Every structure is written in C-alpha cells, then in structure tokens.
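Here you go, one structure.
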Amino acid sequence: MARHFIPLFLLLLIPGFLVGCSDENPRPADPGLHGISMQAMADTLVMPDIVVWTVTITDEDAGLPAAKAAVDAKLDAVLAAVAALPVMTGSISKGSANIRQHLERCTDGKTRVSSFRVERKVTFRQQDPEAMDQVLDGLVKAADVEVNCQFEVSGREAIMRRLRLEALARARERASSLVAPTGHVLGELTGINVNEDFDGEREKRSRGRNQELAGPDAKYLSTKVRASYAVR
C-alpha cells in the first residue's frame, strides 16, 4: 500500500532574481527563464519482515572471575538455544565483554570495589515474524537474560530506489508543465538534492493516518527530491 503526494512548493530561477510560486496556482514562467527547481516526494508504508533480536546477558559478583564465568555459562546456553531456533543463517553476532566496577565508601572513609558486573550481548535476525513467540520462549528458557527486538524491512534499498525515481519523475513532470506555456523546453538535469526518512509535521500526520490502516508495526519510508533543470 503506498500513498504519494507532491509538496506544493517550487522555485523558478530567473536571471537577476528569484520567484516563488504556489503549486496550487502556478503562474506562467518568465520568457527569460533559464533554469527551474522543483521539489517532489514519494512515500510508502511497508510491513517489516525481519525481526532483529538483542539478548543482554549480565551477572554480578564480588569476584571478577566468578562474574565472568557465570556470564560465559549463560552465553553458551543462549547460543545453544539460538542454534535450534528459526534464525537467519550467519546472522548471529556476539559482542565483547563489558566489565564495570561497583564502588562503595567504607567506614574508614576509603572507596573500595564491592563487586564486578559483566555484560555481553548477542544479536541475531529472524526472517519469520510469525515465529516470534517460539524464539522468545527459547531465549527465556535458556537463561536469565534481557531480551529486546526491533523490526526491519528486507529489500529496503530497492524500495528507496523506486521512491527516488518516482519523486524525480514527478518533479520533472511538474517542471515541464510550468515551462511549456513560455515556449521553452525543459532541458537536462543540472542538480539534485535528496532527503530521506524526514519527519516534517505534514509527513508525521500523513504517516499517522496511514498507519491506522496498515497497522502500528508498519515502517514509513519516504524520500524528498529537489531537482534543478536547465531550460532552453
């Protein structure tokens, strides 16, 4: 499902000065026009199809070796559980150990180390969101861990390429229609600026309305293009 609209704004580059026009009531271009800049956007809502899991493994002990050994044991249990779950091949990644000292002030006024906290993270991807419950159950049973997940869209770059082309085509179409009444012809593309996944107020409102239809987990992808053209 996709919704597209064109922002109602454009700029005409005329020798010696700059003229702003409204997209709703465009004025004929000046006969001396030598360039035109037009802005357009394209957006879409896409249901994510990849779940990115992050498992945080921690333990704390008065001795660093004991804390690390406990974390290592939990890590082995988590990795064994993940290997039996429907995860994407080659997506499992282990983070390095993060060690923090907990300090406390003693009665003699000196500060000493009271305990060590060791933390490691494991991340992996799952391509079947329908199996989330199975993955979560497997992780919880494996060890006492913290679990978080995020959603991603596969083929995101291909979708963004399509949106860029759609926005660019609309920008050229609008620019051409404005130049035509002057007897000029829209020439080659001389410059382009692309802004993606922006969060303007208008876009936020549009995204909110559409997500009510697509579902709260839908990912909003957008691109805004400002294209400049020569005029002959």
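The values are calculated or read from the model by the stated rules, or taken from the named source; none is laboratory data. Since the model is a prediction, treat every value here as computed from it, not as a measurement. Neighbour counts run over all protein chains shown; Cβ positions are idealised from the backbone, glycine included.
Quick check on Leu178: is it within 29 Å of the chain's Cα centre (by Cα), outside the structural domain of Asp76 (by TED's automatic domain parsing) and outside any strand (DSSP E or B)? So that I can check it myself, show each step before the final result.
Numbers: within 29 Å of the chain's Cα centre (by Cα): no; outside the structural domain of Asp76 (by TED's automatic domain parsing): yes; outside any strand (DSSP E or B): yes.
So Leu178 does not fit the description; no.
Between a residue in segment 119-134 that is at pLDDT below 95 and any residue that is surrounded by 18 or more Cβ atoms within 10 Å (Cβ to Cβ) and in a helix (DSSP H, G or I), which pairs come within a Cβ distance under 8 Å, given they are 6 or more apart or on different chains?
Gln126/Val135
Further question on the same structure: I want to confirm something. Restricting to segment 143-161 and keeping residues that are part of a strand (DSSP E or B) and hydrophobic (A, V, I, L, M, F, W, C), which single residue is farthest from Val225 (Cα to Cα)? Walk me through it before giving the result.
Initially, segment 143-161 is screened for residues part of a strand (DSSP E or B), giving 146-152.
Restricting the remaining residues to those that are hydrophobic (A, V, I, L, M, F, W, C) gives 147, 149, 151.
Working: Val147: 39, Cys149: 32, Phe151: 26 Å.
So the residue we want is Val147.
Turning to a different aspect of this structure: Can you find a residue that is in contact with a Lys or Arg (Cβ under 7 Å, 6 or more places away or on another chain) and surrounded by 14 or more Cβ atoms within 10 Å (Cβ to Cβ) anywhere in segment 126-137? Steps first, answer last, please.
Initial filter on segment 126-137 (in contact with a Lys or Arg (Cβ under 7 Å, 6 or more places away or on another chain)): none.
No, there is no match, as no residue in segment 126-137 is in contact with a Lys or Arg (Cβ under 7 Å, 6 or more places away or on another chain) and surrounded by 14 or more Cβ atoms within 10 Å (Cβ to Cβ).
Continuing with this model, one more query. Tell me whether segment 75-92 contains one or more residues that are in the same structural domain as Asp137 (by TED's automatic domain parsing) and at positive phi. Break it down into steps so the answer makes sense when it comes.
Here is the first cut: in segment 75-92, the ones in the same structural domain as Asp137 (by TED's automatic domain parsing) are 75-92.
Still in the running and at positive phi: 90.
Within segment 75-92 (the criterion being in the same structural domain as Asp137 (by TED's automatic domain parsing) and at positive phi), the answer is yes, since at least one residue qualifies.
Kindly provide the set of residues from segment 96-122 that are exposed (fewer than 15 other Cβ atoms within 10 Å of the Cβ) and either outside any strand (DSSP E or B) or polar (S, T, N, Q) (or both), ordered by number.
If we filter segment 96-122 for residues that are exposed (fewer than 15 other Cβ atoms within 10 Å of the Cβ), which is where we start, we get 96, 98-114.
Selection gives Ser96, Asn98, Gln101, Cys106, Thr107, Asp108, Gly109, Lys110, Thr111, Ser114.
If you don't mind, there's one more thing I want to ask. So, of the residues in segment 177-205 that are more than 16 Å from Gln39 (Cβ to Cβ) and among the small types (Gly, Ala, Ser), which turns out to be modelled with the lowest pLDDT? Spell out how you get there, then give the answer.
Of segment 177-205, the ones more than 16 Å from Gln39 (Cβ to Cβ) are 180-185, 187-188, 197, 199, 201, 204-205.
Still in the list and also among the small types (Gly, Ala, Ser): 180, 183, 187.
Values: Ala180: 89, Gly183: 86, Gly187: 92.
Only one residue tops the list, namely Gly183.
Name the one entry in Gly155, Gly90 that is modelled with pLDDT under 90, among the small types (Gly, Ala, Ser) and exposed (fewer than 13 other Cβ atoms within 10 Å of the Cβ). Steps first, answer last, please.
Numbers: Gly90 fails: modelled with pLDDT under 90.
Criteria check complete, one pass: Gly155.
Within the group Ile99, Ile50, which residue is of a type in the set (A, V, I, L, M, F, W, C), touching a residue at least 60 places away in the same chain (Cβ under 8 Å) and touching a Lys or Arg at 6+ places or on another chain (Cβ under 9 Å)?
Details: Ile99 fails: touching a residue at least 60 places away in the same chain (Cβ under 8 Å).
Within the list Ile99, Ile50, the selection yields Ile50.
Take Ala180 and decide whether it is of a type in the set (Gly, Ala, Ser), without any contact (Cβ under 8 Å) to a residue 12 or more places away in the chain and surrounded by 13 or more Cβ atoms within 10 Å (Cβ to Cβ).
Working: of a type in the set (Gly, Ala, Ser): yes; without any contact (Cβ under 8 Å) to a residue 12 or more places away in the chain: yes; surrounded by 13 or more Cβ atoms within 10 Å (Cβ to Cβ): yes.
Criteria met by Ala180.
If we only count strands (runs of 3 or more DSSP E) wholly inside segment 8-70, which ones have 3 or more residues that are at pLDDT below 90?
Per the criteria, 10-14, 17-21, 35-46.
When you go through (1) in contact (Cβ under 8 Å) with a residue 12 or more places away in the chain; (2) in a strand (DSSP E or B) one by one for Lys74, which number turns out not to apply?
(2)
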